[in-house]
Amino acid sequence: MTEIGIGIVGGGYMGKAHAVAMSAVGAVFNTALRPRLEMVCASSPESAEAYRKAFGFARATSDWQTLVNDPRVEAIVIATPQAFHRPIAEAAFALNKPVFCEKPLGATIDDSRAMVAAAKGQISMAGFNYIRTPASQFARQLVAQGAIGDVTWFRGEHTEDFLADPSAPATWRTQGDANGTMGDLAPHMINGALALIGPITSLIAEVETVHPTRPGGTVTNDDHGQMMCRFENGAMGQMYFSRVSHGRKMGYAYEITGTTGAIRFDQEDQNALWLYSMDEPEATRGFRKILTGPAHPDYEPFCQGPGHGTGYQDQIIIEARDFLRAIETNTPVWPTFQDGMDVNQVVAAALASSRSKAWVDVRSI
């Protein structure tokens with residue numbers, strides 16, 4: 001086993017998740033590389049020191065350049081707002097340091113392109129954790145194996161209600177495209193669609209602000225959006241994204257219809273997958289609930305009991321395992337920065353379509 005010094009830029013919600021994951025991944029997956037929490041960076045010396053103590057880092061700083069340039073920091077996790085992703089990634093790659101970056105890749109399409117260019121020939125990984133549940137990994141296997149025949153239709157959503165109340169105050173989340181629903185929630189389900197079905201070639205979309213003003217300010221980004229799309233394999237698709245969907249807490253859900261069956265999944269019940277096969281006898285034909293267990297991808301390292309379940313933090317630990325494996329083998333692991341860029345391209349096409357009220361060729365973006 002070999003130690004590797006980890007630096008995490010950002011100590012908030014996702015910074016904590018990645019710190020916990022790096023602390024646990026060696027024990028869960030018996031990785032050849034064992035993370036050492038070397039340095040954490042936050043917006044002030046006081047908050048950085050608080051995160052250092054809470055998460056177990058050796059050192060703390062309020063200057064991300066100090067973290068990136070430190071020789072004991074050998075791999076970097078970017079868990080900051082999107083506006084900071086590009087300069088941190090470019091600086092790290094200039095020093096040949098592997099980078100894991102939370103989604104969305106860049107605050108703009110130009111930022112994302114620049115980050116892909118900087119990552120060329122180096123280890124990069126984009127953070128899309130929800131597609132890594134054992135259930136969704138199993139769904140990918142079923143689709144790839146032809147268990148439901150040729151895919152003809154996909155419906156996906158990422159819906160939550162954290163801004164459903166119009167009296168909720170304006171915050172940083174209500175400012176700028178990168179923090180709107182298309183920048184924040186949509187990338188997860190678009191990534192899921194690309195993973196499950198394949199590339200999207202064309203789409204038409206509508207994006208809308210439901211509550212244009214909130215206590216404390218004007219809202220400058222979108223509350224929800226919808227799109228129809230066509231996949232490269234010929235399948236039709238429809239997706240909806242919202243932060244104002246009352247009652248939805250983690251509405252990352254999809255349905256896949258094929259020529260011989262169908263699959264359903266809902267992240268609010270993340271340890272179950274629903275499978276329909278037309279080959280079943282007519283009297284018992286229907287959706288069958290499959291509870292995840294040791295027979296499904298990346299489940300057994302967490303628990304040996306079928307149906308006991310995995311959770312959100314486990315998805316981040318699986319990401320950490322994949323990132324470490326990429327570094328150890330010097331081999332790209334999905335999703336790379338290019339895969340993150342593919343998601344950004346679909347988002348940009350959707351925003352362009354909403355403005356033009358017309359179908360858009362995704363490859364033209």
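Please find, within segment 327-342, the residue that is surrounded by the most Cβ atoms within 10 Å (Cβ to Cβ) out of those that are over 22 Å from PHE138 (Cβ atoms) and among the hydrophobic types (A, V, I, L, M, F, W, C).
Start the filter on segment 327-342 by keeping residues that are over 22 Å from PHE138 (Cβ atoms), which leaves 327-332, 336-338, 340-342.
Now drop any that are not among the hydrophobic types (A, V, I, L, M, F, W, C), which leaves 327, 337, 341.
Details: ILE327: 21, PHE337: 28, MET341: 22.
It comes out as PHE337.
State whether the residues of segment 158-177 include one that is assigned to a loop (DSSP other than H, G, I, E, B), at positive phi and modelled with pLDDT of 95 or more.
At the first step, the residues of segment 158-177 found to be assigned to a loop (DSSP other than H, G, I, E, B) are 160-171, 175-176.
Those left that are additionally at positive phi: 176.
With the extra rule that they be modelled with pLDDT of 95 or more, the set shrinks to none.
No, the conditions are met nowhere in segment 158-177.
If you go through segment 36-46 one residue at a time, how many are in contact with a strand residue (DSSP E or B) (Cβ under 9 Å, 6 or more places away or on another chain) and either assigned to a helix (DSSP H, G or I) or not charged (D, E, K, R) (or both)?
Step one: list which residues in segment 36-46 are in contact with a strand residue (DSSP E or B) (Cβ under 9 Å, 6 or more places away or on another chain), which gives 36-42, 45.
Still in the list and also either assigned to a helix (DSSP H, G or I) or not charged (D, E, K, R) (or both): 37, 39-42, 45.
So the answer is 6.
Considering segment 188-221 alone, what residues qualify as being within 19 Å of the chain's Cα centre (by Cα), not hydrophobic (A, V, I, L, M, F, W, C) and not in a helix (DSSP H, G or I)? Talk me through it step by step, then tell me what you get.
Residues of segment 188-221 within 19 Å of the chain's Cα centre (by Cα): 188-200.
Subset that is not hydrophobic (A, V, I, L, M, F, W, C): 188, 191-192, 198-199.
Scanning segment 188-221 gives GLY198, PRO199.
Would you confirm whether or not segment 273-293 contains a residue that is hydrophobic (A, V, I, L, M, F, W, C) and under 27 Å from LYS16 (Cβ atoms)?
In the first step, residues of segment 273-293 are kept if they are hydrophobic (A, V, I, L, M, F, W, C); the result is 273-275, 278, 283, 287, 290-291.
From what's left, under 27 Å from LYS16 (Cβ atoms): none.
No.
Which number in (1) outside any helix (DSSP H, G or I); (2) modelled with pLDDT of 95 or more; (3) in contact with a helix residue (DSSP H, G or I) (Cβ under 7 Å, 6 or more places away or on another chain) marks the one condition that LEU105 misses?
(2) is the only condition that LEU105 fails.
Can you name the residue in segment 66-88 that is without any contact (Cβ under 8 Å) to a residue 40 or more places away in the chain and in a helix (DSSP H, G or I) and, of all such residues, is surrounded by the most Cβ atoms within 10 Å (Cβ to Cβ)? Before you say what the answer is, go through the steps one by one.
Going through segment 66-88, the residues without any contact (Cβ under 8 Å) to a residue 40 or more places away in the chain turn out to be 66, 69, 71, 85-87.
Narrowing the set further to residues that are in a helix (DSSP H, G or I) leaves 66, 69, 85-87.
On the way: THR66: 15, ASN69: 15, HIS85: 26, ARG86: 22, PRO87: 15.
Checked segment 66-88; the qualifying residue surrounded by the most Cβ atoms within 10 Å (Cβ to Cβ) is HIS85.
Residues in segment 133-145: is at least one buried (at least 21 other Cβ atoms within 10 Å of the Cβ), small (Gly, Ala, Ser) and within 16 Å of PHE323 (Cβ to Cβ)?
no
Is there a residue in segment 238-246 that is out of contact with any His (no Cβ under 9 Å at 6 or more places or on another chain) and closer than 30 Å to ALA178 by Cα? Quick ask: steps written out before the conclusion?
Filtering segment 238-246 down to residues out of contact with any His (no Cβ under 9 Å at 6 or more places or on another chain) leaves 238, 246.
Still in the running and closer than 30 Å to ALA178 by Cα: 238, 246.
The answer is yes; a qualifying residue exists.
Could you tell me which numbered condition MET115 fails, if it satisfies all but one of (1) in contact with a Leu (Cβ under 7 Å, 6 or more places away or on another chain); (2) under 30 Å from ASP266 (Cα atoms); (3) not assigned by TED's automatic domain parsing to the domain that holds TRP274?
Evaluating MET115 over (1) in contact with a Leu (Cβ under 7 Å, 6 or more places away or on another chain); (2) under 30 Å from ASP266 (Cα atoms); (3) not assigned by TED's automatic domain parsing to the domain that holds TRP274 leaves (2) as the failure.
The values are calculated or read from the model by the stated rules, or taken from the named source; none is laboratory data. Given the structure is predicted, the values throughout are model-derived calculations rather than measurements. Cβ sites come from the backbone with ideal geometry, for glycine too, and all protein chains shown count toward neighbours.
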